[in-house]
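Colleague: Mind having a look at this structure? Questions to follow.
The values are calculated or read from the model by the stated rules, or taken from the named source; none is laboratory data. Values in this document were obtained by computation on a predicted structure and should not be read as measured data. Every residue, glycine as well, gets a Cβ built from its backbone with ideal geometry; the counts of neighbours run over all protein chains shown. Just the protein is used for accessible areas: all its heavy atoms, side chains included, with ligands, DNA and RNA removed. Shrake-Rupley method; radii C 1.70, N 1.55, O 1.52, S 1.80 Å.
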Amino acid sequence: MNITFRHATIQDHVLLEYWDTKEHVIACDPNSDWNWKLELKKAPSWREQFIAMLGEESIGMVQIIDPHLEETHYWGDVPTNLRAIDIWIGEEKNLNKGYGTQMMNLALQRCFAEPEVTAVLIDPLASNTKAHRFYKRIGFQFVEER
């Protein structure tokens, strides 16, 4: 079965808050507080948030941002025409089944559908060796530790 995306809505906050309690999600971003109730109500031009769907089942989250325009300047002083992706799978039962690869491929297709986009940034924790292997397998290259 193929993965599809739908736009995340405020109704997803309960599911996303639940996923944020999962050990494998915490391991990816242990100090995160996404403040879903607030963030899902916003629709800035520099961000898209999606729920990854496997048929009718919500299985993950994907966020695509323009790091040049992002309001907190998390990525620092970066050039235009980049995108940054956050991705995670919510339930342990859906790990290691190829869904993350499908999600990332869909996200990359979405990013590069805009002809001006030249590269995509990701920032897995240095300690998250599984994520490093995943991104390397997809074709990402290490640039710098931040």
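Colleague: Hey, any idea what % of the chain's accessible area is carbon plus sulfur with a 1.4 Å probe?
Modeller: Of the solvent-accessible surface of the chain, carbon and sulfur hold 52 percent.
Colleague: Let me ask you something else. In what sequence, highest mean first, do 100-111, 121-132 appear when ranked by Cβ atoms within 10 angstrom?
Modeller: 100-111, 121-132
Colleague: Separate question: For region 22-146, what is one quarter of the convex hull surface built on the Cα atoms, given in nm²?
Modeller: 8.2 nm²
Colleague: Report the gain in length on full extension from Trp75 to Gln109: 0.36 nm times residue separation, minus Cα-Cα distance, nm rounded to one decimal.
Modeller: Here the answer is 10.1 nm.
Colleague: Moving on to the next point. Is it possible to state the helix-based mean residue ellipticity at 222 nm for the chain, with each DSSP H run of 4+ residues giving -39500 (n - 2.57), the sum divided by total residues, to the nearest 500 deg cm²/dmol? What is it?
Modeller: -7500 deg cm²/dmol
Colleague: When only Cα pairs under 8 Å and 6 or more residues apart are kept, what is the percent relative contact order across region 52-146?
Modeller: 24 percent
Colleague: Too long at a 21 Å Cα-Cα cut-off: which of Lys37/Lys97; Lys22/Lys97; Lys42/Lys130; Lys41/Lys97; Lys97/Lys136?
Modeller: Lys37/Lys97; Lys42/Lys130; Lys41/Lys97
Colleague: Using amide H atoms built in the peptide plane, which far-off residues or other-chain residues are under 5 Å from Gly60 H to H?
Modeller: Ala52, Gly90
Colleague: Next question, about the same structure. Please give the peptides 138-146, 1-9, 55-63 ranked by average Cβ packing (other Cβ atoms within 10 Å per residue), highest first, as a rough proxy for protection.
Modeller: The peptides rank, most packed first, as 55-63, 1-9, 138-146.
Colleague: Quote the accessible area belonging to Tyr74 in square angstrom, nearest 10, computed with a 1.4 Å probe and with ligands, DNA and RNA left uncounted.
Modeller: 130 Å²
Colleague: With a 1.4 Å probe and all protein chains left in place, how much accessible area per residue does the chain have, in Å²?
Modeller: On a per-residue basis, the chain sits at 61 Å².
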